[in-house]
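Here the structure comes first, spelled out in structure tokens, and everything after it is commentary.
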Amino acid sequence: MSTDDVGGGVGARALIATHGVDAATMQATQSVTFGQALAHSAQAAKVRRLGWWYYAEYRIRSMRSYWHIIAGWGIGTPVLYLLAMGLGLGSLIGAHTGTVEGVPYLTFVGPSLLVTSLVMECVSEFTYTVMGNFTWHRIYYGVAATAISPRMIAAGELAAVSLRMAVQAAIFWLILVVSGNAPSAWSWLMIPIGVLASMSFGAPLMAFSATRQRDDFSFSFIERFIVMPMFLFAGTFFPLQLMPNYLQWIGWTSPMWHGTQLARAVAFGMPLSGAAVAVHVGFLVALTTVGAWLGVVQFRRRLTR
């Protein structure tokens, strides 16, 4: 679109020259002022291309209603954990065994707490929120009435929560760095590792939540009998190999353990072979991919029937 087409030619060029306003901004301004909106086909084409981000933006904005909870959890959780592990359990372990995996106990447990806190926080975003948007608030149905497809709604949910988890992981990482418990220069990689671990559990959980028609206590069951055992028995507070053999499978099948192993490797250089890294990353990526695909399937089933 030329400047002659916007605002009457000479006047538009003068405004652009004086104020540095470009033609696109002039078009948008006149669209608002004079009601010259984009054609419906152009709007629909834009939504079909970027609809996932538009929905993610809505979800991120909606989080402002409970930002104080997010901030309290994001800052309070690492501080309280570090105080408990450093001044409490950590001091007892340090007095008797000295180090764990060659580092102080707080350095050992810090990466696992980052990963597990993200995984556990995903539960709140991908359970009642998803079911409520289908059953109680029916927000998904309103969005699906536009050019945004069910696939984009599911992708937007994952993108919005991933961004929240990235911010929370960054805060936790900074606190670990400031407290001296992330000595490696590669410790910042705990941020994407934590996000990947949370999505590897959150994506399948989102798909499951999309199947729920009502609150049948299945979410409470997940929290008590899946999430909590993972937290306690997946190598969070001590090396997995110290557990009895008949309980180690909990760690092997847990996103928390795979994420924790990767996080410890980048945080303080815990030895991991290339094959082990590939297994841990592959496990998390596979769960995330399968969960996202199942989520799209369930969203499409619920929103198009």
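Every read-out reported here was derived from the displayed coordinates using simple, explicitly stated rules and does not represent laboratory data. On a predicted model such as this, the values are computed, not experimentally measured, just so you know. Using ideal geometry, Cβ is built from the backbone for each residue, glycine included, and neighbour counts are taken over all protein chains shown.
Length gained on full extension, Ser179 to Ser273: 31.0 nm, using 0.36 nm per residue less the C-alpha separation. Between Ile60 and Thr289, full extension at 0.36 nm per residue minus the direct alpha carbon distance yields a gain of 80.2 nm. Does segment 160-305 come out rounded, prolate or oblate, given a ≥ b ≥ c as the square roots of the eigenvalues of its C-alpha gyration tensor, rounded meaning a/c under 1.5 and, failing that, prolate meaning a/b above b/c? Because a/c hits 1.5 or more and a/b exceeds b/c, segment 160-305 counts as prolate.
Can you tell me the relative contact order of segment 46-204? Whole percent, Cα pairs under 8 Å, sequence separation 6 or more.
Working: 143 pairs, mean separation 59.8, N = 159.
Contact order relative to length: 38 percent.
Using 0.36 nm times the number of residues separating Arg224 and Tyr246, minus their current alpha carbon distance, what extension gain do you get?
5.9 nm
The alpha carbon gyration tensor of segment 40-304 gives principal lengths a ≥ b ≥ c with a/c of 1.5 or higher and a/b greater than b/c, which makes the shape prolate.
The modelled label-to-label distance for the pair Asp215/Val167, using points 7 Å beyond Cα in the direction of Cβ, is 2.6 nm. Here's the picture: a label point sits 7 Å out from the Cα of Lys46 along the beta-carbon direction, and within segment 126-145 the residues with their amide nitrogen under 20 Å of it are 143-145. Loop-located GluC sites (Glu not before Pro) in segment 93-202 (DSSP state not H, G, I, E or B) with no more than 13 neighbouring Cβ atoms inside 10 Å do not occur.
Give me Tyr140, Tyr66, Tyr128 sorted ascending by neighbouring Cβ count inside 10 Å, so fewest comes first. Kindly include the intermediate steps, with their values, before the conclusion.
On the way: Tyr140 23, Tyr66 12, Tyr128 16.
By the 10 Å Cβ count, ascending: Tyr66, Tyr128, Tyr140.
Sorting Ile148, Ile70, Ile175 from the fewest to the most surrounding beta carbons within 10 angstrom yields Ile70, Ile175, Ile148.
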